[in-house]
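Below you'll find the structure, written out as structure tokens, and then a few comments.
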Amino acid sequence: MTQTRTVVTHTRANVALISVFAALIAVSALIPGFMIGPVPFVMTIVIVLLAPMILGTRDGLLANLLYVVAGAAGLPIFSGGASGFGVLAGPTGGYLVGYVVAPLVAGPIATFVLRRWPVGLGGLLGLAVAGLGGLAGIHAVGVAGLMINAGMGLNAALVTTAGFVGFDLIKVAVAAVLALAIVRAFPRLLAAR
């Protein structure tokens, strides 16, 4: 009976953390950004990358997916308060779908790194690599979305996304620093993976 209670509590904790991260993504998307071409510049990627770094691949994926599905279902939680499936079919749709891809890359790398180097420079650099992998997934799907949804050619889509890369590298660094600090402060998060 004790085992069942532990499993249920763990599941509730996971659901709570998934929901919190989805809400954090939504809040970060609603903080006003500025436009670079057809894509808004916001701090959402920090939280999108932080989710798999902190929660692991599965729960990070579920948090990011919950955000995308809730926005597509009509909650005004995409950048600028946008919502609906039409946003996914618009120029930024590929980037939003990329949010679901990012944990598949960043999560396994972050888990590997944090199990070996939960503190120090090794952990920080490893988390930065995890973030870069997740960012590459976001941008790859984002470029495809620009080509499909905005009718851009490959070169135009690459030029558009290249305008974000410098800023996004800063976001990767911020996510890596935050993830390492959070895991150090709450080591049970790592044990729950």
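Bear in mind that the values in this text are calculations on the coordinates, not laboratory data. Fair warning: this is a prediction, and the values are worked out from it, not measured in the lab. Counting neighbours? That spans all protein chains shown, and the Cβs are built from the backbone with ideal geometry, glycine included.
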May I ask which residue of F34, T161, N64 lies farthest towards the positive end of the charge dipole of the chain, with charges of +1 (Lys, Arg) and -1 (Asp, Glu) on Cβ and the Cα centre as origin?
N64
For the chain, modelled as a GNM with alpha-carbon contacts under 10 angstrom, which of P108, P91, P32 fluctuates the most?
P32
C-alpha long axis of helix 120-149 to longest principal axis of the chain, angle in °:
40 degrees
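Sort 51-61, 139-149 for me by packing, meaning the mean count of neighbouring Cβ atoms within 10 Å per residue, highest on top.
Details: 51-61: 25.2, 139-149: 19.8.
Ranked from most to least packed, the peptides come out as 51-61, 139-149.
For the chain, what does -39500 (n - 2.57) per DSSP helix run (n ≥ 4), summed and divided by total residues, give at 222 nm, in deg cm²/dmol to the nearest 500?
Roughly -27000 deg cm²/dmol at 222 nm, from the helical runs in the chain.
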If you fit an axis through the alpha-carbon atoms of helix 93-116 and take the longest principal axis of the Cα set of the chain, what angle between them do you get, 0 to 90°, nearest 10?
30 degrees
Fraction in percent of alpha-carbon pairs per bin - 10 Å, the range 2-191:
10, 37, 34, 15, 3, 0
Return one number: the angle in degrees, 0 to 90 and rounded to the nearest 10, between the long axis of the Cα atoms of helix 57-72 and the longest principal axis of the Cα atoms of the chain.
40 degrees
Packing-based order for 93-105, 18-30, using average beta carbon neighbours within 10 Å, highest first
93-105, 18-30
